[in-house]
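What follows is a single structure, written as structure tokens, with notes after it.
Every read-out reported here was derived from the displayed coordinates using simple, explicitly stated rules and does not represent laboratory data. Values in this document were obtained by computation on a predicted structure and should not be read as measured data. Please note: Cβ atoms are built from the backbone with ideal geometry, for glycine as well, and neighbour counts cover all protein chains shown.
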Amino acid sequence: MTRNTFFKRTLCAAAAMIAVSSTTPGLAATEAERPSTRVRAEIPAEYRWDFSAIYPDWAAWEADMQRIDAVVAAFVKLKGTLKDGPEALLKAYQASDEIGKLQARLYRYPQLQRDVDGNDQAVAGRFQRVSALFAKFAAATSWFEPELLAVPEADVKAWIARTPALAPYAFGINDSFRKQRHVLDADGERLLSLARPVGRASVSAYEELSTTDIKFPTITTSDGRSVTLTPGNYSALLENSPNQADRAKAAAAHVGTYGAQANTYAAIYAGILQRDWFNAQARKFTTTLDAALNDNDVPRSVVETLIETTRAGTAPLQRYAKLRKKLMGLADYHLYDGFRPLFASTQKYSYARASALALEAVAPLGDDYVQRYKKFVGGGRIDVYENEGKKSGAYSAGVYGVGPYQLLNHNDTLASAFTLAHEGGHAMHTVLSYENQPFSTARYTIFVAEVASTTNERFLLETLLKKTSDPKERFLLLQHAVDSIVGTFYSQVLFADYELQAHKLVEQGQPVTPDVLNKLYAGLLKTYYGDALTIDDFYKWTWARIPHFYGSPYYVYQYATCFASSAQLFKQMTTGSEASKKAATERYLTLLKSGGNDHPMAQLQRAGVDLTQRATVQAVVDQLDALVSQMEIEAAKIPR
Ligand SMILES: [Zn+2]
């Protein structure tokens, strides 16, 4: 019943963190051209969202904005009745569902329209209204969970057992009682709620320091250009500059900006570590990691196994660095050399082509899946091209009872073809969850969400590799896959490793100083990259510039566990006997259909993935090893 999780973040931001070496815009186009206009109204309607499935017009949205007050008021009237028995509890849950379904429509209608046209002030105003309204409702409905938990657990369990209509709520109810073990008495909870703004202070300080107050340096490149190293300019320079000395200069200056304020960053970070340790101890957890994993009921061993297995499996990561060094003809290879494309592509992935490929790629998932995907693609649910005022990047967002909407900024590159497949995986997960789950369990966790998306990317890679024998194109495809593994898996495990060790410092009463953090981070770079690259001293300050460390501790490991899960599932669906492949595919589809009807570990286990086992993580290491070997073979065939 945690309404604030409704607007959950997706992990898709991860794509932005991966150094994707984009292909050079291609030569002759054979399919429909990308519109040259950036004016939204001039883009053909078939490439734009159709919002009419949510509301026919703004008048209908307004009518529901008026109606929801009464719906919430009816729910609030049920306060004090939960103890009366199963019928009363059911009535409250159904009333809550009605609010939730209405909220989804009311929120998405302006939110989606704002995202494709940020300049429309009328839409922005309506979006602000709905956000303010929801804040009010969160307060009005906050009585529910404490009142539910005040009923003896045994009574509620007996009610569920004899009331089939309560079944859709059983998981949520049981989970609330599970989490109650770490809920304090009223006085304790009051103290913790009073301490919450104190805990947020460090995060605010980090945001101000790293965004408002930061002064990015300006460097002069070898060709005499003056470049101010904002994050965007910095990553563009690393990708586009053929001159290693320029890349070195940019990296030293950009990372050095954080290093110059390392004392302040360390003090802020120490505040965050102390806050996490305070909350963990207050709620009677043994470690900060246990506290962080409690929400999804993930055992600590999942993170520990992930880190241990990856540390033992860095050989293919190092081989990839060595291969890049060789192909780039460098005497010394550095972290800042990792973003340069090795070859330019002549391929163009128009939307029509990328869309057809994504569809073809998922054929192994069966006709039902393919038919539903086709229906989704043809239904005004994909906003394809960039336009003035449109949000950058890509995402998929759903409305229960309506289905998913997918935002793209398709630009005909290989990377955008993979993004399309990735978001298609999310969208189909939503389609299948909504079709098979009641509202109360239709929402899936981030933990399984990225399994669906990365699996579709993997299927696309297989399809593309089958279609070309050109060594250069094959190399670029393999490189895309390898860069995904490095960015979504290895880099994230290194981050998780750092977070775990940093938190242990405060748990053990050790000091948290810039020196300690520098040493920790530099040591990790050495552990993961060995002698495959020259590690510049300034990279020891990297910990200071990773927003996740400050904003959402113990979050990034999920990128890696999702990736490992999907690697394992892909392996099961594509290797072995026909019967075992078929069974694995069925299990996978069941996972997609199960929405959020259980904890993610339990859902994945039923699909055939056990994240507590080393073998699951090892599958990613093996996959990278095989891909790098294939790259080496293709590279040898490319005339240079
Ligand atoms: Zn995603």
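Given a cut-off of under 8 Å on Cα pairs at least six residues apart, what relative contact order in percent is computed for segment 53-189?
Over segment 53-189, the number comes to 27 percent.
Of the lysine pairs in segment 53-189, how many meet both conditions: Cα atoms under 23 Å apart, and a spacing of 8 or more in sequence or different chains?
Within segment 53-189, the lysine pair count is 16.
Give the dimensionless ratio obtained when the Cα radius of gyration of segment 392-450 is divided by 2.2 N^0.38 Å.
Values: Rg = 12.3 Å, N = 59, 2.2 N^0.38 = 10.4 Å.
Ratio of Cα Rg to 2.2 N^0.38 Å: 1.19.
What is the spin-label model distance, in nm, from Ala636 to Asn436 if the labels are put 7 Å beyond Cα along the C-beta direction?
Roughly 4.4 nm, to one decimal.
Rounded to the nearest 500, what is the chain's calculated 222 nm mean residue ellipticity when only DSSP H runs of at least 4 contribute -39500 (n - 2.57) each, over all residues? Working shown, then result.
Numbers: 26 runs with 393 residues, N = 640.
Calculated from helices alone, the mean residue ellipticity at 222 nm is -20000 deg cm²/dmol.
Using the Karplus equation 6.51 cos²θ - 1.76 cosθ + 1.60 (θ = phi - 60°), what ³J(HN,Hα) coupling, rounded to whole Hz, does each residue of segment 425-438 give in order, writing x for Gly and Pro?
Taking θ as phi minus 60°, the curve returns x, 4, 4, 5, 4, 5, 4, 6, 5, 5, 5, 10, 10, x Hz for segment 425-438.
If N is the number of residues in segment 53-189, what value comes out of its Cα radius of gyration divided by 2.2 N^0.38 Å?
On the way: Rg = 18.0 Å, N = 137, 2.2 N^0.38 = 14.3 Å.
Here the Cα radius of gyration is 1.26 times the empirical estimate.
What's log10 of I(q)/I(0) for segment 367-426 at q = 0.21, 0.28, 0.29 Å⁻¹, Debye sum over Cα points only, no solvent?
-0.86, -1.29, -1.33
Please state, to two decimals, what the Cα-based radius of gyration of the chain comes to when divided by 2.2 N^0.38 Å (N = residues). Show your work: numbers first, answer last.
Numbers: Rg = 25.4 Å, N = 640, 2.2 N^0.38 = 25.6 Å.
After normalising by residue count via 2.2 N^0.38 Å, the value is 0.99.
Estimate the FRET efficiency between Arg300 and Asp97 by the formula 1/(1 + (r/R0)^6), using the beta-carbon distance for r and 30 Å for R0, to the nearest 0.05. Mind dumping the intermediate values first?
Working: r = 34 Å, r/R0 = 1.13.
Efficiency, rounded to the nearest 0.05: 0.30.
Could you work out the Kirkwood radius for segment 508-640, taking every pair of different alpha carbons, averaging 1/r and inverting it, reported in Å?
Working: mean 1/r = 0.0542 Å⁻¹.
Taking the inverse mean of 1/r over all distinct Cα pairs, segment 508-640 comes out at 18.4 Å.
By how many nm would the segment from Trp58 to Ala626 grow when fully extended, if each residue of separation counts as 0.36 nm and the alpha-carbon distance is taken off?
On the way: separation 568, 0.36 × 568 = 204.48 nm, distance 5.35 nm.
Full-extension gain reported as 199.1 nm.
Using +1 at the C-beta of Lys and Arg and -1 at the C-beta of Asp and Glu, which of Val617, Gly188, Pro217 has the Cα lying farthest in the positive direction of the dipole of the chain?
Val617
Over all directions, what mean area does the Cα convex hull of segment 224-335 project, stated in square nanometres? Please list the in-between numbers first.
Numbers: hull surface 42.6 nm².
Across all orientations, segment 224-335 yields a mean hull projection of 10.6 nm².
Hey, got the dipole for segment 53-189? About the Cα centre, +1 on K and R Cβ, -1 on D and E Cβ, debye to the nearest 20?
Numbers: 17 positive and 19 negative charges, 32 e Å.
Using only the charged Cβ atoms, the result is roughly 160 debye.
In debye to the nearest 20, how big a dipole does segment 238-356 give about its Cα centre with +1 on each Lys and Arg Cβ and -1 on each Asp and Glu Cβ?
Numbers: 15 positive and 10 negative charges, 105 e Å.
Once rounded to the nearest 20, the dipole reads 500 debye.
Across the chain, where is the longest run that never hits GluC sites (Glu not before Pro) in a DSSP loop with at most 13 other C-beta atoms within 10 Å?
Values: sites that count: Glu33, Glu388.
That would be 34-387.
For labels at Glu189 and Ser577 in the simple 7 Å Cα→Cβ model, what's the distance in nm?
Simple spin-label model gives 5.4 nm for this pair.
Compute the signed sum of charges (Lys and Arg +1, Asp and Glu -1) over the other residues within less than 12 Å, Cβ to Cβ, of Gln492.
Working: positive: none; negative: Glu450, Asp497, Glu499.
Result for the neighbourhood of Gln492: -3.
In the chain, if the dipole is taken from +1 on Lys/Arg beta carbons and -1 on Asp/Glu beta carbons about the Cα centre, which of Gln501, Tyr554, Val402 is farthest to the positive end?
Gln501
What net charge do the residues around Ala132 carry, taking every other residue with its C-beta under 14 Å from that of Ala132, with Lys and Arg at +1 and Asp and Glu at -1?
Details: positive: Arg126, Arg129, Lys136; negative: Asp69.
Charge balance in the 14 Å sphere: +2.
R0 = 41 Å: FRET efficiency of Arg129 with Phe278, Cβ-based, nearest 0.05? Mind dumping the intermediate values first?
On the way: r = 37 Å, r/R0 = 0.90.
Calculated value: 0.65.
If one computes the Cα centroid of segment 437-461 and of segment 224-284, what distance in Å separates the two points?
31
By what distance, in whole Å, do the Cα atoms of segment 200-243 stretch along each of the three principal axes, largest value first?
44, 17, 10 Å, listed from the longest principal axis down.
Given the Cα-Cα distance of Ala161 and Ser222 and 0.36 nm per residue of separation, how much length would full extension add, in nm? Please list the in-between numbers first.
On the way: separation 61, 0.36 × 61 = 21.96 nm, distance 7.38 nm.
Extending this stretch completely gives an extra 14.6 nm.
How long is segment 363-510 along each principal axis, judged by its Cα atoms, biggest number first, in Å?
58, 49, 38
At 7 Å along Cα-to-Cβ for each site, give me the label-to-label distance between Thr534 and Arg178 in nm.
Going by the 7 Å Cα→Cβ label model, 5.1 nm.
Over segment 499-640, how many pairs of lysines fall under 28 Å by alpha carbon, counting only those 8 or more apart in sequence or from different chains?
Number of lysine pairs found: 11.
Charges at C-beta only: +1 for Lys and Arg, -1 for Asp and Glu. How large is the resulting dipole of the chain about its Cα centre, in Debye rounded to 20?
Details: 70 positive and 68 negative charges, 31 e Å.
In total the dipole reaches around 160 debye.
Could you work out the local net charge near Ala615, counting Lys and Arg as +1, Asp and Glu as -1, over the other residues with Cβ closer than 12 Å to its Cβ? Mind showing how you got there, number by number?
Working: positive: Lys571, Arg614; negative: Asp610, Asp622.
Neighbourhood net charge equals 0.
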